[in-house]
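The values are calculated or read from the model by the stated rules, or taken from the named source; none is laboratory data. Predicted model only: the values in this text are computed from it and were never measured. Note: ideal-geometry Cβ built from the backbone for every residue, glycine included; neighbour counts use all protein chains shown. Keep in mind that these areas ignore ligands, DNA and RNA; they rest on the heavy atoms of the full protein, side chains included. Shrake-Rupley method; radii C 1.70, N 1.55, O 1.52, S 1.80 Å.
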Amino acid sequence: MTDRPASDPAARRPADGLVARARRSPVLWAVAALAVLLLFNLVANPGFFALRFQDGHLFGNLVNVVKNVAPVLLIAVGMTLVIATRGIDLSVGAVLAISGSVAFTIVEGADDPSSGGTAALAIGVALAAGLVLGAWNGFLVSVVGIQPIIATLVLMTAGRGIAMLITDGNIVTAENPVFDWLGGGYLAGVPVQIVITGLVLLLVAVLTRRTALGVLIEAVGVNPAAARLAGVRARSITFTVYVFIALVAAVAGLMVTANVSAADANRAGLFIELDAILAVVIGGTSLAGGRYSLTGTVIGALILQTLTTTVLTMGLPDEYIRLFKAVVIIMVFLLQAPRVRAALGRRRRRDPAPPAAAPDGGPGPVAASAPPDEAPAASPATVPGTVPGRSPQQEVLR
């Protein structure tokens, strides 16, 4: 058996197919954008990648990026599943504010605010509140049939008011060792918030990629009516993803409030739903539903948080963060747009390869072709009922 030469098209076909699939993948451009951001930080601030292990804890800018992105990434994971079912959830910021307000109001009003039992009660009630709010959204979308953007907009508008009613319009502060550990504690040298987010992400990845759940979610997003006819419980799946995203939003609310040891119903989780949606879309998941990418969601969330950290480490005002976010997001979306990728592909194919030279150094062979004026005329098609070879005049006489 002889090996095929490297110039053999058949030998290059598998590699070319892999490269073509990689170029078509929206995740590739998100990875490229994240790499550019990290390279810029390496040039502008070489200490950006410095890590140190002190007192059994890991410190550094990269650790801060992953820790600060944890609440957004948690919500973005849930948002990925919601968007995959052709839905959207605008109420996650309000759910976050409500869960944090509920937890800290319970801790503040307890007889022993620093006890572990008080913290367990506060966390349990906050998570239960998230489940109830998620069930409300799921009921409106899957049972009543209200459009997801309208159903969740109701809770987005009313949720802030509910949170302010819980806190009486005040910023509630409380001290509890459990919440202090949740906000700034470490587990095996890694921040607790990173560990929690990683476990949730791993659980979702296993359930959706190692079982049929992921395929069912995508089927509901592609065509809910066809999924129901195929025996898929579309309503149950839709209801479940809205309950799940509210649950992770409640967990994110506990993280956000524990970071500052205070519950601010007016500002906690403000605009976090937009960051979650952007992380999902930057990662390549279409708002039209169907196929989704958890890996792309993680990369999209890291892009947003890396950009925020970059602006802050450069000493620029906070007002520049949203401006730079808009610029980076537009660039990534343009690179992901099918028309832009098609235009780049046509431009690469526009430059033809030079003709191969003949062995003696002369010009390569030219395919023989008849001049345009001497091209043979196509033989007319034989009409049924006529004799082949006769002219039209002979057929008339016949």
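One residue is enough: does the stretch 260-267 have a residue meeting the conditions closer than 29 Å to residue 168 by Cβ, of a type in the set (Val, Ile, Thr) and surrounded by fewer than 22 Cβ atoms within 10 Å (Cβ to Cβ)? The answer is yes; a qualifying residue exists.
Rundown of residues vs (1) without any contact (Cβ under 8 Å) to a residue 40 or more places away in the chain; (2) more than 29 Å from the chain's Cα centre (by Cα), yes/no style:
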site: 70; (1), (2): no, no
site: 85; (1), (2): no, no
site: 89; (1), (2): no, no
site: 112; (1), (2): yes, yes
site: 119; (1), (2): no, yes
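Among the residues of the stretch 288-306, the one identified as among the aliphatic types (A, V, I, L, M) and either surrounded by fewer than 19 Cβ atoms within 10 Å (Cβ to Cβ) or in contact with a strand residue (DSSP E or B) (Cβ under 8 Å, 6 or more places away or on another chain) (or both) is 288. Taking only pairs six or more apart or across chains, which ones have beta-carbon atoms under 9 Å, a first residue in the stretch 26-40 that is free of Cβ contacts under 8 Å to residues at least 40 places away in the same chain and open to solvent by 60 Å² or more (accessible area, probe 1.4 Å), and a second residue that is not charged (D, E, K, R) and not in a helix (DSSP H, G or I)? Taking only residues 6 or more apart or on different chains, the pairs are 28/284.
Note on the stretch 29-69: residues that are part of a helix (DSSP H, G or I), more than 24 Å from residue 255 (Cα to Cα) and of a type in the set (A, V, I, L, M) amount to 13.
Only residues that are assigned to a helix (DSSP H, G or I) and either in contact with a Leu (Cβ under 8 Å, 6 or more places away or on another chain) or open to solvent by 10 Å² or more (accessible area, probe 1.4 Å) (or both) were counted across the stretch 82-96, and they come to 4. Please verify whether residue 204 is of a type in the set (A, V, I, L, M, F, W, C), open to solvent by less than 40 Å² (accessible area, probe 1.4 Å) and touching a strand residue (DSSP E or B) at 6+ places or on another chain (Cβ under 9 Å), treating the condition exactly as stated. Taking the combined requirement at face value, the residue does not satisfy it.
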